[in-house]
Amino acid sequence: MTEAIIQALEGVPAWLRVILLSAIPITEYQLSIPLGIHEYHFHPAVALALSALGATLIFFPVYWGLETLHTLVERYLPRLLRPLDIVVARAENKLKDRYSKYGAFALFLFLMIPFPFTGVWTASLAAVALKIPFKQAALGILSGMVSGATIVTLLSLAGGAVL
């Protein structure tokens, strides 16, 4: 799947590829940084900065977009509202007991450890489900993303290969 995404971006300038790959939920900075360093030959700081930019740009529409999606579904597709509410409620119930008392710190830790599906998309959805206020969510997510991206950069330099 990631190969198909990378091939679809052929012809796009390398710097923009890194930004776009970091904004896609499947690849995020866990792939865009190693590619930026090893395939596109960017300085590690440049690869990290471009990846951080792409991941940061995604936070805002995901954080505010779920509420907008709910409003649109409620207005135009009310029959789909119940399934959407069930999915959000299930995510909220699953996360609330474990993470709600830690709030933004839990988001920071979640993003700091660079595992698959621990990116800005998932953390932003968790922030919405847990009803973490915007400023706290932004602080936890963005600081966790920068920490995680730094770890990925260091691992990429130490390992010498794409993760």
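Estimated from helices alone, the mean residue ellipticity of the chain at 222 nm is -24500 deg cm²/dmol (sum of -39500 (n - 2.57) over DSSP H runs with n ≥ 4, per residue). Rounded to the nearest 20 debye, the dipole magnitude of the chain is 600 debye, with +1 charges on Lys and Arg beta carbons, -1 on Asp and Glu beta carbons, and the Cα centre as origin.
Across PHE42, PHE117, the residue with the most accessible area heads the list, and the full order at a 1.4 Å probe is PHE117, PHE42. Against the chain, whose longest principal axis is taken from its Cα atoms, helix 120-129 shows a tilt of about 20°. Of the residues TYR76, TYR29, TYR102, ranked by 1.4 Å probe accessible area with the largest first, the sequence reads TYR76, TYR102, TYR29. Here the 3J(HN,Hα) profile of region 133-146, calculated from phi with Karplus coefficients 6.51, -1.76 and 1.60 at θ = phi - 60°, is x, 3, 4, 5, 4, 4, 4, x, 5, 5, 5, x, 5, 5 Hz, Gly and Pro shown as x. When you restrict to C-alpha pairs under 8 Å that are six or more residues apart and normalise by the size of the chain, the relative contact order lands at 28 percent. Shown here: percent of Cα pairs over 22 Å apart, derived from the displayed model; of the candidates (i) 45; (ii) 38; (iii) 53, it corresponds to (i).
Count Lys and Arg as plus one, Asp and Glu as minus one, and take only other residues whose Cβ is under 15 Å from that of PHE60; the net charge is then 0.
Positive-end ranking of PHE115, ALA126, PRO13 along the dipole of the chain, with charges on Cβ about the Cα centre, is headed by ALA126. The residue among LEU35, THR2, LEU81 whose Cα reaches farthest toward the positive pole of the charge dipole of the chain, with charges on the beta-carbon of Lys, Arg, Asp and Glu, is LEU81.
The mean accessible area for residues of the chain, using a 1.4 Å probe and ignoring ligands and nucleic acids, is 57 Å² per residue. Solvent-accessible area of the chain (1.4 angstrom probe, protein heavy atoms only): carbon and sulfur portion equals 69 percent. Taking LEU80, LEU16, LEU139 in turn, the Gaussian network model of the chain (Cα-Cα springs below 10 Å) assigns the largest fluctuation to LEU80.
The values are calculated or read from the model by the stated rules, or taken from the named source; none is laboratory data. Note that the coordinates shown come from a computational prediction; the quantities given were computed from them, not determined experimentally. Cβ coordinates were reconstructed from backbone atoms using ideal geometry, including for glycine residues, and neighbour counts include every protein chain displayed. Accessible surface is based on the protein model in full, side chains and every heavy atom, while ligands, DNA and RNA are left aside. Shrake-Rupley method; radii C 1.70, N 1.55, O 1.52, S 1.80 Å.
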